[in-house]
Amino acid sequence: MIPLGSCTMKLNPATSMYALSWPEFGNIHPFVPADQVEGYLELIAEMEKDLCEITGFKGMSFMPNSGASGEYAGLLTIRRYQEANGQGHRNICLIPASAHGTNPASAAMAGMQVVVVKCDENGNIDLEDAKAKAEQYKDNLAAFMVTYPSTHGIYEDGIRTLVKIVHDNGGQVYMDGANMNAQVGLTSPGFIGADVCHLNLHKTFAIPHGGGGPGVGPIGVAEHLKPYLPSHILFHCGGEKQEGAVSAAPFGSAQILTITYCYIKMLGGEGLKKATMGAIMNANYLKERLKDYYPILYTGNHGHVAHEMILDINGINKTIGVAAIDIAKRLMDFGFHAPTVAFPVHETLMVEPTESEPIAELDRFVEAMIQIRKEIKDIEDGKAEKGNNIISHAPYTAEMLMADKWEFPFSRQEAGFPMKSDVQDKYFPHVTRIDDAYGDRNLVCKF
Ligand SMILES: *Cc1c(COP(=O)(O)O)cnc(C)c1O
């Protein structure tokens, strides 16, 4: 399990990746004449139809190569629409404090000025503040960028009220669709009232990701924005106003659309909905099993989370001196990739299991987290020394565990095989504790 919250690291089924190695898809140049890529165009048209149905929108552009690129394309689409309607002066973009960093970055790239909207103590967008800011900037309000469910992993009850506030004040609603894995088949951006939304096909729709791409961040739009979708000078596509491209190729990373195509076709409508429900159920299962060991930072009005949750490590860090990053490192000894650390809230771990994990793997993760909580308690109870304990030195490489010298105040077995079940299928981290901040700023070669 790679439980990276917000990233939706789901299974990438091999069946959906076969087409990648077919020359019929792989050996096509992005600028060949349309009559030589009829198959590709058929596949893209059909995907547009399916994704419009899933999102409740009327048009799609496959040009953007990532979620961030989709945000940029979507905001430009809004801007062109507003310009065409004599509203080109609108340049204020409202963004809640909980937003992903790409949101304000894309707004700045699109030439907009970012105004931050507060979140309340439950982590939800403060609707009073949203209303006050929307009214304050109503003459210049261009857009509101909102993620649903929020990056706090909550279906915010106020979402439709928020959409109305933005529209009443002359703005357009940009939905960040990175969390579509909690919407597909149950609700949709179009149903909620958003005007434009990007999808991360490399999150929700099974394209492998991590390590920099390639990705696909298509945008869906409501009817009124269709004419302003990105277009391409060498290939007829996009909005009829032909306003220009946001990336080099007319359909972006077209080849990997074959993966999403297979994913959608193999699951079908009912299967996609079941996947969403599985993702929500898995997250809530983890939440129920972990809540007595780690505080869950936010839950919705009914005490549930959406498809991910935030474990709050602030208290443990303050009283015992074990930080979120320490837990992330120790998890490697159990064979788990760390959850998302410190986003969207400082000193937290955001966990997203996705629908792909079977119950045995969820249980293994729970056991690992409970075991780590016990190790933390030993420090709290004075049984282990602060700053010199099994967590502070983690993770343990094979080299460390097999060295002739072992000077730690705990056993090799406790360090390297913290769970019995690991003995048969042990993952050895390649690198032990490093200075993260130094490493971010300097290239360090081991050999
Ligand atoms: C991943 C993500 C993005 C950005 O998508 P990329 O494809 O990484 O550019 C934006 N918003 C949220 C909430 C995300 O999780």
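The values are calculated or read from the model by the stated rules, or taken from the named source; none is laboratory data. Since we're looking at a predicted model, the values are computed, not measured. Every residue, glycine as well, gets a Cβ built from its backbone with ideal geometry; the counts of neighbours run over all protein chains shown. Each accessible area value is taken on the protein alone, full model and side chains, heavy atoms only, with ligands, DNA and RNA left out. Shrake-Rupley method; radii C 1.70, N 1.55, O 1.52, S 1.80 Å.
Here Leu201 does not qualify as open to solvent by less than 10 Å² (accessible area, probe 1.4 Å) and assigned to a helix (DSSP H, G or I). Within region 209-241, the set of residues being away from the ligand (no atom under 12 Å from the Cβ), crowded, with 18+ Cβ neighbours inside 10 Å and of a type outside the set (A, V, I, L, M, F, W, C) comprises Gly220, Lys226, Pro227, Tyr228, Pro230, Ser231, His232, Gly238, Gly239. With respect to being touching a residue at least 24 places away in the same chain (Cβ under 8 Å) and within 16 Å of the ligand (Cβ to nearest atom), Ile78 falls outside the description. The number of residues in region 1-47 that are assigned to a loop (DSSP other than H, G, I, E, B) and within 16 Å of the ligand (Cβ to nearest atom) comes to 9.
Does Ala194 meet the test of being over 29 Å from Pro13 (Cβ atoms), at pLDDT 95 or above, part of a helix (DSSP H, G or I) and open to solvent by less than 10 Å² (accessible area, probe 1.4 Å)? No, not satisfied. Among the residues of region 116-133, those that are part of a strand (DSSP E or B) and either over 24 Å from the mean Cα position of the chain (by Cα) or crowded, with 18+ Cβ neighbours inside 10 Å (or both) comprise Val117, Cys119, Ile125. Within region 413-447, if we keep just the residues that are part of a helix (DSSP H, G or I) and without any contact (Cβ under 8 Å) to a residue 12 or more places away in the chain, the residue that is farthest from Glu375 (Cα to Cα) turns out to be Arg441.
Going by the structure shown, is Gln172 crowded, with 24+ Cβ neighbours inside 10 Å and more than 25 Å from Asn91 (Cβ to Cβ)? No, not satisfied.
Only one of the numbered conditions (1) crowded, with 24+ Cβ neighbours inside 10 Å; (2) touching a residue at least 60 places away in the same chain (Cβ under 8 Å); (3) out of contact with any His (no Cβ under 7 Å at 6 or more places or on another chain) is violated by Asn181, and that is (3). Name the residue that is nearest to Asn301 (Cα to Cα), counting only residues in region 148-169 that are among the hydroxyl-bearing types (Ser, Thr, Tyr) and surrounded by fewer than 24 Cβ atoms within 10 Å (Cβ to Cβ). Among residues in region 148-169 that are among the hydroxyl-bearing types (Ser, Thr, Tyr) and surrounded by fewer than 24 Cβ atoms within 10 Å (Cβ to Cβ), the one nearest to Asn301 (Cα to Cα) is Tyr155. In summary, Glu24 fulfils each of the numbered conditions (1) under 19 Å from Ile233 (Cα atoms); (2) modelled with pLDDT under 95 with the single exception of condition (1).
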